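Here's the structure we're looking at; comments come further down.
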Amino acid sequence: MQTTNANEEVNYLEYKGKYSGIWGWIFSTDHKRIGLLYLYSIAIMFVVGAFLGLAMKLELIAPGKTIMNAATYNATFTVHGVIMIFMIVIPGLPAVFGNFLMPIMIGAKDVAFPKLNLLSWWLYVAGVLLILTALLFGPGVPDTGWTFYAPYSFKTGTNLLPAIFGAFVLGFSSILTGLNFLVTIHRLRAPGMKWLKLPLFVWTLYGTAWIQLLATPVVGITLVLVSLERVFGIGVFDPVLGGDPVLYQHLFWIYSHPAVYIMILPAMGAISEIIPTFAQKGIFGYKALIISTMAIAFVGYLVWGHHMYTAGMSGTAQYYFSLLTFFVAIPSAIKVFNWISTMYKGSIKLDTPFYWAASFIFVFMIGGLTGLVLGALATNIYVHDTAFVVAHFHFIVFGGVGFSFFGAIHYWYPKIFGKMYDKYWANVGWIVFFIGFMTLYTPMFYLGMQGMPRRYYDYLEEFHGGNILSTFGSWIMITGLVIIITNLIRSARKGEKAGINPWGGKTLEWRVPSPPPLENWDEIPVIGEEESKYF
Amino acid sequence: MEQTKHVEHDHYDPEASKIGMWLFIFTELLLFGGLFIIYSVYRYLNPDAFHLAAEELDTFIGAVNTVILLVSSMTIAMSTTAIQKQNYRLTQWLLAITVILAFVFLVNKYFEWGAKFSHGIYPGSEHMLEAFSQGEILFFGLYFVMTGLHALHIVIGMVFIIWVMFYIKKRKVHHNRFALLENSGLYWHLVDAIWIFLFPLFYLIS
Amino acid sequence: MSEEKHHIVPYKTYLVILLVLLVLTFVSIAITNIELGELTVAGALFFATVKTFLVLTYFMHLKYDKPYIRIMVGFVFAIFLVVIIITFLDYYYRA
């Protein structure tokens, strides 16, 4: 597969293939274009989801009905959850940055199955459209919460079938992405790119892909069963027919707990790329980070029951799940220590991606430690289903994945678009967003401790203060978001041209031009024996 | 099509296809795995009802279908040997036999389900609600879901095999490039392996 | 292209395996016809496991594949088993 020199000038953004215009994108099997397709579709859905979140916070600014009634509020948090979880954070980093960067990072020209890769994106879009159908047409917007708990999920009169089917299709898309990545990492590493030379981001994608592959089918079949229950009344989760609704929760969380690691592992991977670059120092504990990645993936598969402490499980199962939940904290903490140790005695360059990475560690630690409050059986029962839980998982899912995503986009933006963004406004956006985030979610820990339940559109007067502060925070955060997104969109046109390696990164993607040429490499790089990135 | 530096992804890597197929099989295993978890929990909770309900099923038809699937698994496995020996006629015959056996399996299944339906045994039937205990309703709910999903996989497998036969005819799959044939075989064996578990769990526990 | 030599499995191997599978099927039917109580299910599952093992090893060529594919398959079955066991930590100990 010899390529000519002429390609060097044609980058993937300008390349014209068989189709032109938008068709050249949605029929492209180029992993970089597919990565951007995901980026744009995820960004659009994120704006919708963030708007719904904003509306919920506005409703909660005062007790009683403010802008919506109880039923609308139920629908709003359901749709907010479904969009944010299934359409944004689960595909999130793997689909966008994994697609764009992983083949370059391992020295390949594309993923192993490029057409399958494109199919994944189409399925993603199909899933999104199906769920939107559920919202716009039919008897009503689903109001079950994103968890579709039985038996309500087959009793509710709302339009749940298309939503469930949409989630199923999104799951299938996720499985195919995982499958593709696993085969790519196994088969397409450049000569000399041994397993223990792979960048940590690739390692986290590898762990993630396994979870995608092994956990998603379980929720797939569970959702199919809920649909069959709705249509035919097969009885498997219906207590009237002898079914056990708690079993639904088991099966749902067998997927959905590992799904948290589908979200957070690549986020940790991106942080593990950013920190050494800006500390100008090799990563501390490369192998420890790999082991902790795989340990999180593995142990994280076996702790689903800590979502169900109050559902009526046996005591033995509760002890087991509580114990194992604490085990997950160990590899997570190892990662944090390694990042900190990487910075120690490094020569830190303060730039936007580093700010995001540093604040990631901060919010991730708050999210992680409050996770132990929830993982411990006794304290969980006290704060179960309160605002405390909402605060915790927003710190992990939004704080963890969101901060890492923004860090990643600010880190790889010059590579992806070949332009540098306005750093001043990027920093302003970060600090405003960070302040808004803390103001929005921190009071919810307090509210939860006070006893304010989650998923309520109304509350007692004593919760008023915390809620005002939280709603106020949501406005600050949205301001930050507007600044960040505006700056990024504006810079794609007006930004200065970025060089091949603006940050001094050591991974392979910094050796190809920005933006990368169509096939990434004229010649597949050969990684020398002594050439090692980290140690 | 100026400047056709077409991204040619046509490098043939049989090992990549094979792992790809295996990974896909893992997802299928866990798809059925979810159902097996449900089955085992409900069986544990309603041992007597499951015992009783299983007696409604005809072990003979189940056994016949088991034999059919096992033989079809052998024929498709042999087709890989045949294509490596460049015996294309035999390859196609072996695949054709596999598809025909799959079809016979489905016909059996059709009559089996039909008999259940005519006795008023189907999800949501009034008869079941009146005459059956909760455990029995669960048993038949799972029976229809699991064998139904399995039958769906049989259909997908048949389409897959016919597609491969078409490719062999056009010699897009040949003795040096038969990963697709192997993959269809892997898929078919998966369908077989799942049936190996479904058969005792539904037919033999009475 | 095909630097790795592909192992050609003789027809006879497949035939032998099929015969073994058929025998196991009939034995398992025969055994479950005897009233063994609790052991019936265990017996049926044991035979199913042996049969699946044969299918995986010979029909699905795991015997001739690289070890890492075998490890993956083993891993997947193991993790599924663990998930079932953990689920039963709940149901088995429920009051």
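Which residue, of A:I262, A:I254, is in contact (Cβ under 8 Å) with a residue 24 or more places away in the chain, part of a helix (DSSP H, G or I), under 24 Å from A:I88 (Cβ atoms) and out of contact with any Phe, Trp or Tyr (no Cβ under 8 Å at 6 or more places or on another chain)?
Just a single option satisfies the conditions, and that option is A:I262.
Here are some residues: B:Y122, B:Y110, B:Y187, B:Y203. Which one is over 12 Å from the mean Cα position of the chain (by Cα), at pLDDT 95 or above and of a type in the set (S, T, Y)?
B:Y110
How about segment A:305-328: which of its residues are among the hydrophobic types (A, V, I, L, M, F, W, C), in a helix (DSSP H, G or I) and within 12 Å of another protein chain (Cβ to nearest Cβ)?
A:A317, A:F321, A:L323, A:L324
Applying the selection to segment B:55-82, what residues are in contact (Cβ under 8 Å) with a residue 60 or more places away in the chain and among the small types (G, A, S)?
Correct list: B:G62, B:A63, B:S72, B:S73, B:A77, B:S79.
So in segment A:274-304, with the set limited to residues that are β-branched (V, I, T) and within 14 Å of chain C (Cβ to nearest Cβ), which one is nearest to A:L196 (Cα to Cα)?
A:V299
Restrict the check to segment A:212-232 and report whether at least one residue is crowded, with 24+ Cβ neighbours inside 10 Å and closer than 20 Å to A:F406 by Cβ.
no
Matching residues to (1) in a helix (DSSP H, G or I); (2) in contact with a Leu (Cβ under 9 Å, 6 or more places away or on another chain); (3) within 23 Å of B:A63 (Cα to Cα); (4) not charged (D, E, K, R):
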residue	(1), (2), (3), (4)
C:V9	no, no, no, yes
C:L19	yes, no, yes, yes
C:F47	yes, yes, yes, yes
C:K51	yes, yes, yes, no
C:Y58	yes, no, yes, yes
C:I71	yes, no, no, yes
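Consider A:T156 carefully, then state whether it is within 20 Å of B:I19 (Cα to Cα), away from chain B (no Cβ under 12 Å) and among the β-branched types (V, I, T).
No; evaluated as a whole, the condition is false for this residue.
Picking from A:I271, A:I254, which residue would you name as being within 12 Å of another protein chain (Cβ to nearest Cβ) and of a type in the set (A, V, I, L, M)?
A:I254
Across segment B:40-53, which residue is nearest to the other protein chains (Cβ to nearest Cβ) among those that are surrounded by fewer than 19 Cβ atoms within 10 Å (Cβ to Cβ) and aliphatic (A, V, I, L, M)?
B:L45
All but one of (1) in contact with a Phe, Trp or Tyr (Cβ under 7 Å, 6 or more places away or on another chain); (2) farther than 23 Å from A:L350 by Cα; (3) β-branched (V, I, T) hold for A:I484; which doesn't?
Evaluating A:I484 over (1) in contact with a Phe, Trp or Tyr (Cβ under 7 Å, 6 or more places away or on another chain); (2) farther than 23 Å from A:L350 by Cα; (3) β-branched (V, I, T) leaves (2) as the failure.
Mind telling me which of the residues A:F97, A:F77 ends up being over 30 Å from A:M193 (Cα atoms), among the aromatic types (F, W, Y) and either in contact (Cβ under 8 Å) with a residue 40 or more places away in the chain or crowded, with 24+ Cβ neighbours inside 10 Å (or both)?
Matching residue, one of A:F97, A:F77: A:F77.
For segment A:240-249, does any single residue satisfy the condition of being more than 10 Å from chain B (Cβ to nearest Cβ) and part of a helix (DSSP H, G or I)?
yes
Name the one entry in B:V64, B:V71 that is facing another protein chain (nearest Cβ under 8 Å), within 25 Å of the chain's Cα centre (by Cα), within 20 Å of C:T25 (Cβ to Cβ) and at pLDDT 95 or above.
Just one listed residue meets the conditions, B:V71.
Between a first residue in segment C:73-95 that is in contact (Cβ under 8 Å) with a residue 24 or more places away in the chain and more than 16 Å from A:A297 (Cβ to Cβ) and a second residue that is among the aromatic types (F, W, Y) and surrounded by fewer than 18 Cβ atoms within 10 Å (Cβ to Cβ), which pairs have beta carbons less than 9 Å apart while being 6 or more apart in sequence or on different chains?
Matching pairs, first to second residue: none at all.
Taking C:T13, is it facing another protein chain (nearest Cβ under 7 Å), surrounded by 13 or more Cβ atoms within 10 Å (Cβ to Cβ), closer than 23 Å to B:W188 by Cβ and in contact (Cβ under 8 Å) with a residue 24 or more places away in the chain?
no
If we keep just the residues of segment A:102-137 that are assigned to a helix (DSSP H, G or I) and touching a His at 6+ places or on another chain (Cβ under 9 Å), which is surrounded by the fewest Cβ atoms within 10 Å (Cβ to Cβ)?
Result: A:K115.
So which residues in segment A:194-211 are buried (at least 24 other Cβ atoms within 10 Å of the Cβ) and not in a helix (DSSP H, G or I), if there are any at all?
Of everything in segment A:194-211, just one residue is buried (at least 24 other Cβ atoms within 10 Å of the Cβ) and not in a helix (DSSP H, G or I), namely A:P199.
Could you grab me the full set of residues in segment B:74-93 that are over 15 Å from C:P10 (Cβ atoms) and either more than 10 Å from chain C (Cβ to nearest Cβ) or surrounded by fewer than 20 Cβ atoms within 10 Å (Cβ to Cβ) (or both)?
B:Q86, B:Y88, B:R89, B:T91, B:Q92, B:W93
Which one of these is within 30 Å of A:A108 (Cα to Cα), under 26 Å from the mean Cα position of the chain (by Cα) and acidic (D, E): A:E523, A:E509, A:E529?
Testing whether each residue is within 30 Å of A:A108 (Cα to Cα), under 26 Å from the mean Cα position of the chain (by Cα) and acidic (D, E) leaves just A:E509.
Of the residues that make up segment C:29-36, is at least one facing chain B (nearest Cβ under 10 Å), surrounded by 13 or more Cβ atoms within 10 Å (Cβ to Cβ) and farther than 28 Å from B:V67 by Cα?
No, there is no match, as no residue in segment C:29-36 is facing chain B (nearest Cβ under 10 Å), surrounded by 13 or more Cβ atoms within 10 Å (Cβ to Cβ) and farther than 28 Å from B:V67 by Cα.
Limited to segment C:72-93, what total is found for residues that are farther than 18 Å from B:T27 by Cβ and under 16 Å from the mean Cα position of the chain (by Cα)?
Of the residues in that region, 0 qualify.
From A:Y446, A:Y411, which residue is within 19 Å of the chain's Cα centre (by Cα), part of a helix (DSSP H, G or I) and modelled with pLDDT of 95 or more?
Just a single option satisfies the conditions, and that option is A:Y411.
Which pairs have Cβ atoms under 6 Å, sit 6 or more apart or on different chains, and link a residue in segment B:36-54 that is under 23 Å from B:A193 (Cβ atoms) and among the small types (G, A, S) to one that is modelled with pLDDT of 95 or more and surrounded by 23 or more Cβ atoms within 10 Å (Cβ to Cβ)?
none
Restricting to segment C:47-71, what's the tally of residues that are under 8 Å from the mean Cα position of the chain (by Cα) and either of a type outside the set (K, R) or more than 9 Å from every other protein chain (Cβ to nearest Cβ) (or both)?
8
Could you list, in sequence order, the residues of segment A:202-226 that are away from every other protein chain (no Cβ under 11 Å) and more than 20 Å from A:A108 (Cβ to Cβ)?
A:V226
Can you name every one of the helices (runs of 4 or more DSSP H) wholly within segment B:95-206 that holds 2 or more residues which are away from chain A (no Cβ under 14 Å)?
B:134-169, B:179-203
The values are calculated or read from the model by the stated rules, or taken from the named source; none is laboratory data. Computed from a prediction, not measured in an experiment: that's the story for all the values here. Using ideal geometry, Cβ is built from the backbone for each residue, glycine included, and neighbour counts are taken over all protein chains shown.
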